[in-house]
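Student: Quick one: the structure is below, questions incoming.
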Amino acid sequence: MDDYYHSVVLDNKLCKGCTNCIKKCPTEAIRVRNGKAIIINEKCIDCGECLRTCPYKAKIAQTDTWDDLSKFKYRIALPAPSLYMQFANAPSKEHVIKALQMLGFDYVYEVARGAEIVTSITNKILKTESYQRPVISSACPAVVKLIQLNYPNLIPNLLKIKSPMEMAAINAKKEFCEEHNVSPSEVGVFFISPCAAKMTAVKSPIGISKSNVDGVLSIKTVYFRMFKQLAKIKDEELPDSNQAGYKGVRWAADGGEAVALNTEKILAVDGIHNVIKIFEELENDSIEDVDFIEASACTGGCLGGPLAVENMFVATARTKKFKESLPSHGLSIADSEMEEYEFDCPIIHKDVTKLDTDISEAMRKYDRMVSLCDELPALDCGACGAPSCKALAEDIVRGIADITDCIFVLRRKVRKLAEEMMALESRMPPVIGEENKKDGDI
Amino acid sequence: MGLSGQKVTLRYTIAAEDFISAGEASSHVKKTLNKLGIRHELIKRFTIAMYEAEINTVIHASGGEAYVEITPEKLMVKISDNGPGIPDIEKAMMEGWSTAPEHIREMGFGAGMGLPNMKRYADDLAVESEVGVGTVVTITVYLS
Ligand SMILES: Nc1ncnc2c1ncn2[C@@H]1O[C@H](COP(=O)(O)OP(=O)(O)OP(=O)(O)O)[C@@H](O)[C@H]1O
Ligand code: SF4
Ligand SMILES: [Mg+2]
């Protein structure tokens, strides 16, 4: 897989070349060129901010399609915990699981159980001294990517264990194949996702060599199909589901991973811009007395994911009913379910910030960038296609933009040219014979 | 800001008793060093040391100035103030020694760890101070 694969792409036909997305992108990964947005692949973390801000719905998260299910003889659904809160007509977790079965999935394995497995592994790790504190959760792939690109000093703090989705996929496939005596190659495991970054985490994972998930379906893709099935369910047909309890299900919303842990020294931060602020402080060593950081790129946690359907606040309100109706956790976790939980690849910093690999050259470029900034109007209007005047200055020294992309500089130059032409014109000798013409003569 | 030969220089004013913007200078220096492609371990050491010195001018003096000089060989910052000065530098360098008043301690400062941390993170640390005149802290981290 291409090193810079990421799931968020642009629909050129829909893009109007406005500046909404370039301004909101937390890593300044978008520019407008020739009237269309472009995403700088190396910088994109798939947080989904641009999907939320684009008024023309021109930003799309690539996911698999319903038809992709037919590539496999057997199909397993991995519902994200946030799926349970999407439906007004799903009174319980069992309703959601039943609806998935009715849609033709041969087995449903709750990612909420994967989450409970991850919680118990994390609790064990927090008892040891094996990590630099605070330990940072690796469950949100957009956050992991952010650290890999922009916060290399925090890589040692990152929890190097597989995500709930991966743990669910490993166990789901193992259980299903053993029980039905089928080969893993005949089984497709599909994650049902509120998240754009999870697609990237499957196609081009960080920390693991290969994902155990075979496909990602967005909640948007399954929503209406499930909605129709939910309307048909009779209570006596509901399956038993004791895979996960409230602890796992609560992971859907912000703070959910943190409350499930055995420590009080927790900081939970949601929303990518807030995450960045906390990481800045962490790099300054100015956060004390925190053992664990839960960081979600999306405001409200995964319930605020860009591919979720239900309004985040409505969905969050629905988590309460699960608190009352569910046991605190699912069936106790066997040791065999916690095998192979560790990352098997190192996380290597990808430096997308430096201006040049040679420091002297980088210093020269930096200096030029500073003087360009003085020339630019500091209005951050975005008309040049860069998110700020400073970003344009950087683009210029990187050789991907020109100073005349700034309309103010361009206007200044045009005016100067016009003045020069006027000055030249006044020094031109009269055309021969012109002085003898009378008014009206041609 | 400017450059002569192979040198980037940066200057900042550190405002008095402004706890909200305290740390802005070191945070801007960090962004600059990232652009220059300096090794991230060195960036971390340099900016944490600088941050501590910056905070000290806010807490113990009435603000001050920072002058940063970056060359391909080293990172250097001089942080100076016209505050009360440090009567006994040797004592001030000791872990846990602090004259921070109660209201400052309540804000989470005053553990007496700033100067010891600067010493730990810097390759060279020079503290010059005269009572009633001010303090100059110079932090150097070598790049090779
Ligand atoms: N710029 C300064 N002007 C005057 N006194 C200073 C200055 N910097 C440090 N000091 C003195 O040195 C002492 C020790 O400084 P240090 O930075 O080690 O600890 P602190 O600032 O008191 O606490 P902490 O840095 O842990 O928040 C201070 O309490 C203060 O008395
Ligand atoms: S918070 Fe959840 S939905 Fe949003 S990017 Fe992270 S994992 Fe995906
Ligand atoms: Mg101090």
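The values are calculated or read from the model by the stated rules, or taken from the named source; none is laboratory data. This is a predicted model, so every value here is computed, not measured. Positions of Cβ are backbone-derived with ideal geometry, glycine not excepted, and every protein chain shown enters the neighbour counts.
Student: Among all residue pairs at least 6 apart or on different chains, which show Cβ distances below 7 Å where the first residue, located in region A:244-257, is more than 14 Å from chain B (Cβ to nearest Cβ) and the second is more than 16 Å from ligand 3 (Cβ to nearest atom) and among the basic types (Lys, Arg)?
Tutor: Correct list of pairs: A:244/A:113; A:246/A:323; A:248/A:113; A:249/A:93; A:256/A:250.
Student: Considering only region A:258-305, how many residues are among the β-branched types (Val, Ile, Thr), closer than 16 Å to residue A:25 by Cα and within 14 Å of another protein chain (Cβ to nearest Cβ)?
Tutor: Going residue by residue through region A:258-305, those that are among the β-branched types (Val, Ile, Thr) are A:259, A:263, A:266, A:269, A:272, A:275-276, A:278, A:287, A:290, A:293, A:299.
If we keep only those that are closer than 16 Å to residue A:25 by Cα too, we end up with A:272, A:275-276, A:299.
The next check asks that each one be within 14 Å of another protein chain (Cβ to nearest Cβ); those that pass are A:276.
Number of matching residues: 1.
Student: Which of the residues belonging to region A:107-159 are of a type in the set (Lys, Arg) and either crowded, with 22+ Cβ neighbours inside 10 Å or in contact with a Cys (Cβ under 7 Å, 6 or more places away or on another chain) (or both)?
Tutor: Filtering region A:107-159 for residues of a type in the set (Lys, Arg) gives A:113, A:124, A:127, A:133, A:145.
Of everything in region A:107-159, those that are of a type in the set (Lys, Arg) and either crowded, with 22+ Cβ neighbours inside 10 Å or in contact with a Cys (Cβ under 7 Å, 6 or more places away or on another chain) (or both) turn out to be A:113, A:145.
Yes/no matrix, rows are residues, columns are (1) hydrophobic (A, V, I, L, M, F, W, C); (2) under 20 Å from residue A:31 (Cα atoms); (3) within 14 Å of chain B (Cβ to nearest Cβ); (4) without any contact (Cβ under 8 Å) to a residue 40 or more places away in the chain:
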residue	(1), (2), (3), (4)
A:334	yes, no, no, yes
A:344	no, no, no, no
A:347	yes, no, yes, no
A:367	no, no, yes, yes
A:387	no, yes, no, no
A:392	yes, yes, no, yes
A:395	no, yes, yes, no
A:404	no, yes, no, yes
A:407	yes, yes, no, yes
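Student: Could you say whether any residue in region A:306-313 is β-branched (Val, Ile, Thr), more than 29 Å from residue A:210 (Cβ to Cβ) and over 20 Å from the mean Cα position of the chain (by Cα)? Break it down stepwise before answering.
Tutor: Of region A:306-313, the ones β-branched (Val, Ile, Thr) are A:309.
Within this subset, residues satisfying the condition of being more than 29 Å from residue A:210 (Cβ to Cβ) are A:309.
Among the residues that remain, those that are also over 20 Å from the mean Cα position of the chain (by Cα) are: none.
Looking for residues that are β-branched (Val, Ile, Thr), more than 29 Å from residue A:210 (Cβ to Cβ) and over 20 Å from the mean Cα position of the chain (by Cα), one finds none in region A:306-313, hence no.
Student: To continue, here is another question. If you check residue B:66 against the conditions, is it more than 10 Å from chain A (Cβ to nearest Cβ), more than 16 Å from residue B:119 (Cα to Cα), over 12 Å from the mean Cα position of the chain (by Cα) and in contact (Cβ under 8 Å) with a residue 40 or more places away in the chain?
Tutor: Numbers: more than 10 Å from chain A (Cβ to nearest Cβ): yes; more than 16 Å from residue B:119 (Cα to Cα): yes; over 12 Å from the mean Cα position of the chain (by Cα): no; in contact (Cβ under 8 Å) with a residue 40 or more places away in the chain: yes.
Criteria not met by residue B:66.
This table checks each residue for (1) crowded, with 17+ Cβ neighbours inside 10 Å; (2) away from chain A (no Cβ under 14 Å).
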position	(1), (2)
B:92	yes, yes
B:103	no, yes
B:107	no, no
B:143	no, no
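Student: Would you mind finding the one in A:186, A:178, A:166 that is in the same structural domain as residue A:123 (by TED's automatic domain parsing), buried (at least 21 other Cβ atoms within 10 Å of the Cβ) and of a type in the set (Asp, Glu)? Even if it seems obvious, please write down each step before you answer.
Tutor: Details: A:186 fails: buried (at least 21 other Cβ atoms within 10 Å of the Cβ); A:178 fails: buried (at least 21 other Cβ atoms within 10 Å of the Cβ).
None of the other options fit; the residue is A:166.
Student: I would also like to ask the following. Mind counting the residues in region A:155-198 that are in contact with a Ser or Thr (Cβ under 6 Å, 6 or more places away or on another chain) and under 15 Å from residue A:137 (Cα atoms)? Give the derivation first.
Tutor: To start, the set of residues in region A:155-198 that are in contact with a Ser or Thr (Cβ under 6 Å, 6 or more places away or on another chain) comprises A:158-159, A:193-194, A:196.
Of the ones still in play, those that are also under 15 Å from residue A:137 (Cα atoms) are A:158-159.
Matching residues across region A:155-198 total 2.
Student: OK, next. Of the conditions (1) away from every other protein chain (no Cβ under 13 Å); (2) free of Cβ contacts under 8 Å to residues at least 40 places away in the same chain; (3) surrounded by fewer than 20 Cβ atoms within 10 Å (Cβ to Cβ), residue A:357 fails just one. Which one is it?
Tutor: (1)
Student: Still on this structure, please answer the following. Can you tell me which of A:206, A:192 is in a strand (DSSP E or B), under 25 Å from the mean Cα position of the chain (by Cα) and closer than 28 Å to residue A:52 by Cα?
Tutor: Details: A:206 fails: in a strand (DSSP E or B).
Matching residue, one of A:206, A:192: A:192.
Student: Cβ-Cβ below 9 Å, separation at least six or inter-chain, first residue in region B:119-144 and over 10 Å from residue B:52 (Cβ atoms), second of a type in the set (Lys, Arg) and within 11 Å of ligand 1 (Cβ to nearest atom): which pairs?
Tutor: Filtered contacts from region B:119-144: B:125/B:119.
Student: Name the strands (runs of 3 or more DSSP E) wholly inside region B:58-144 in which the number of residues that are farther than 25 Å from residue B:21 by Cβ and more than 9 Å from ligand 1 (Cβ to nearest atom) is 1 or more.
Tutor: Details: elements: B:64-70, B:74-81, B:124-130, B:134-142.
Because the criterion is at least 1 residues that are farther than 25 Å from residue B:21 by Cβ and more than 9 Å from ligand 1 (Cβ to nearest atom), the strands (runs of 3 or more DSSP E) in region B:58-144 that meet it are B:74-81, B:124-130, B:134-142.
Student: Mind checking which pairs have a first residue in region B:87-102 that is hydrophobic (A, V, I, L, M, F, W, C) and a second that is modelled with pLDDT of 95 or more and more than 10 Å from ligand 3 (Cβ to nearest atom), Cβ under 7 Å, 6 or more apart or different chains?
Tutor: From residues that are hydrophobic (A, V, I, L, M, F, W, C), the pairs are B:89/B:127; B:89/B:129; B:92/B:86; B:93/B:119; B:97/B:91.
Student: Does residue A:333 satisfy the criteria of being surrounded by fewer than 19 Cβ atoms within 10 Å (Cβ to Cβ), away from ligand 3 (no atom under 16 Å from the Cβ) and closer than 19 Å to residue A:110 by Cα?
Tutor: Numbers: surrounded by fewer than 19 Cβ atoms within 10 Å (Cβ to Cβ): yes; away from ligand 3 (no atom under 16 Å from the Cβ): yes; closer than 19 Å to residue A:110 by Cα: yes.
Here the answer is yes, as residue A:333 does meet what is asked.
Student: Could you grab me the full set of residues in region B:1-30 that are within 9 Å of another protein chain (Cβ to nearest Cβ) and more than 16 Å from the chain's Cα centre (by Cα)? Steps first, answer last, please.
Tutor: As a first pass, look at region B:1-30 and keep what is within 9 Å of another protein chain (Cβ to nearest Cβ): B:1-3, B:6-8, B:23, B:26-27, B:30.
Hits for region B:1-30 are B:1, B:2, B:3, B:6, B:7, B:8.
Student: Here's something else I'd like to know. Could you run through region B:42-62 and say how many residues are among the β-branched types (Val, Ile, Thr), surrounded by fewer than 24 Cβ atoms within 10 Å (Cβ to Cβ) and at the interface with another protein chain (Cβ under 10 Å from one of its Cβ atoms)?
Tutor: Number satisfying all stated conditions: 3.
Student: Which of the helices (runs of 4 or more DSSP H) found entirely inside region A:39-130 contain at least 1 residues meeting this: not assigned by TED's automatic domain parsing to the domain that holds residue A:293? First the steps, then the outcome.
Tutor: Working: elements: A:49-53, A:93-102, A:111-127.
Those helices (runs of 4 or more DSSP H) span A:49-53.
Student: Here's a follow-up. Out of the residues in region B:31-41 that are touching a residue at least 40 places away in the same chain (Cβ under 8 Å) and crowded, with 20+ Cβ neighbours inside 10 Å, which is farthest from the other protein chains (Cβ to nearest Cβ)?
Tutor: Checked region B:31-41; the qualifying residue farthest from the other protein chains (Cβ to nearest Cβ) is B:33.
Student: Here is a further query. Picking from A:240, A:289, which residue would you name as being within 24 Å of residue B:51 (Cα to Cα) and at pLDDT below 95?
Tutor: Working: A:240 fails: within 24 Å of residue B:51 (Cα to Cα).
Among A:240, A:289, only A:289 is within 24 Å of residue B:51 (Cα to Cα) and at pLDDT below 95.
Student: May I pose another question? Identify all residues within region B:103-119 that are more than 13 Å from ligand 3 (Cβ to nearest atom) and touching a helix residue (DSSP H, G or I) at 6+ places or on another chain (Cβ under 8 Å); write none if there are none.
Tutor: Correct list: empty.
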